[in-house]
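Shown next, in structure tokens, is the structure this report addresses.
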Amino acid sequence: MSSQAGSENENNGEHLPTVREGEDGGGVAVEERDPFANPGLPPHEPRKQDIDERAAKRSERTVSLLFTVSMLATVAFIAAFVAIDVDEIVYIFPLGHVSALNFALGVTLGIALFTIGAGAIHWSRTLMSDVEVIQERHPIAATEETEAISKADWRQGTEESAIGSRKIIRRTMLGALTLVPLAGVVLLRDLGPLPGTKLRETLWAKGKLLINMNTDEPLRPEDITVGSLSFAKPEGLKEGDHSFNNEIAKAALMLVRIHPGDIKDRKSADWGHEGILAYSKICTHVGCPVSLYEQQTHHVLCPCHQSTFDLSDGARVLFGPAGHPLPQLRITVNDEGYLYALGDFDEPVGPSFWERG
Ligand code: FES
């Protein structure tokens, strides 16, 4: 009978067989598994360090070596901070010219933190106990009794502190607590002096020659061929100068030569020389160097977020997140046949900023 089915597994177990009615009226035992049964923990396997004291000693030495390296790196960090001049520039392959202080601080602090982490991980994996234990979960809400005691304690505390009756203390305390975060806000001023007009100006000025970034030689029109992209910096700016990185980040120039008939923007053509156009190399999105040039279309692409500019049409934005065209520099040729600038860019280069006019 069906009332008999399941009567055996109601008793007490997860894996007890169920009895169902067979075709001939007799009972048939069917194995029924609990899909949510707790599989339990696998048997504990000792590690090499648990059974071999020499292996454990080796791990101990490795961990202490990592912590010692961390200590030395921290000392080196402090020494670098004191000893290295903030303006010192070094050449490091493959990074190029970088601040010696930043490089030293980054490397030493990186080593100090990495070796602490590596030491802790090695310690826990090889020497700390790895026996798995089960911790039962408990409800985290407080019992009613604990809640009542806490509330009573809070009431007693506020009465004893007299915060309710001493109004002047309460008000001045709230005033002090409200004002004290302002100290942190004021410290934000230490983030540095305001940039002033620095974001609007570059080293380009009337009469400055265009210097080839690769050869360090002044550029002539015949150096710029149709279909190529050349890069230039202002005369007088030398790699290795203290201010080189800051200045080239604004003044980097990209030169392209286009058949005059292919230039769509009249003003752009007038600002160039015989089809040679000079644009800022700094992307107007967030300032990456633009460099991927497509000769047939005269499109140039920023590798960071794929903003695409049309150099034959005033560097108009064709695609991507850049907000405005690449600024163009007015150029011409002097009596000796060298290209030079007719002034600075007529608008700030690079990304937008809030005071941009
Ligand atoms: S920096 Fe050029 S597209 Fe974002």
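No lab work stands behind these numbers, since they all come straight from the coordinates. Quick caveat: nothing in here was measured; it's all calculated off a predicted structure. Quick reminder, even Gly has a Cβ in these numbers, built from the backbone with ideal geometry, and neighbours come from all protein chains shown.
Tabulated values for the structure
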read-out	value
Cβ-based net charge around residue 273, under 11 Å, with every Lys or Arg adding one and every Asp or Glu removing one	+1
Euclidean distance of C-alpha centroids, the stretch 181-227 and the stretch 50-76, integer Å	49 Å
Reduced Cα scattering model of the chain, Debye log10 I(q)/I(0), q = 0.07, 0.11, 0.13, 0.15 Å⁻¹	-0.71, -0.94, -1.08, -1.24
The stretch 51-147: radius of gyration and largest Cα-Cα distance (Dmax), Å	22.3, 69
Neighbourhood net charge (14 Å Cβ-Cβ; Lys/Arg +1, Asp/Glu -1) for residue 158	+2
Within the stretch 49-126: Cβ-based charge dipole about Cα centre, in debye rounded to nearest 20 (Lys, Arg +1; Asp, Glu -1)	320 debye
Overall dimensions of the stretch 210-341 as given by Cα atoms, namely Rg and Dmax in Å	14.1, 43
C-alpha long axis of helix 100-126 to longest principal axis of the chain, angle in °	20 degrees
Dipole magnitude (debye, nearest 20) for the chain, charges at Cβ of Lys, Arg, Asp, Glu	1760 debye
Ellipticity estimate at 222 nm from DSSP helix runs (n ≥ 4, -39,500 (n - 2.57)) divided over the chain, nearest 500	-10500 deg cm²/dmol
Within straight-line cross-link reach of residue 238, lysines at Cα separation under 23 Å, skipping those fewer than 8 residues along the same chain	198, 206, 208, 250, 281
For the stretch 145-246: span of alpha carbons on each principal axis (Å, largest first)	90, 34, 24
Top positive-direction residue, dipole computed over the stretch 145-187 with Cβ charges, set 148, 179, 158	179
Separation in nanometres of the label points that stand 7 Å from Cα toward Cβ, at residue 163 and residue 177	0.6 nm
Ranking of 138, 299 by count of other Cβ atoms within 10 Å, fewest first	138, 299
Positive dipole terminus of the chain, leading residue within 104, 340, 308 (C-beta point charges)	340
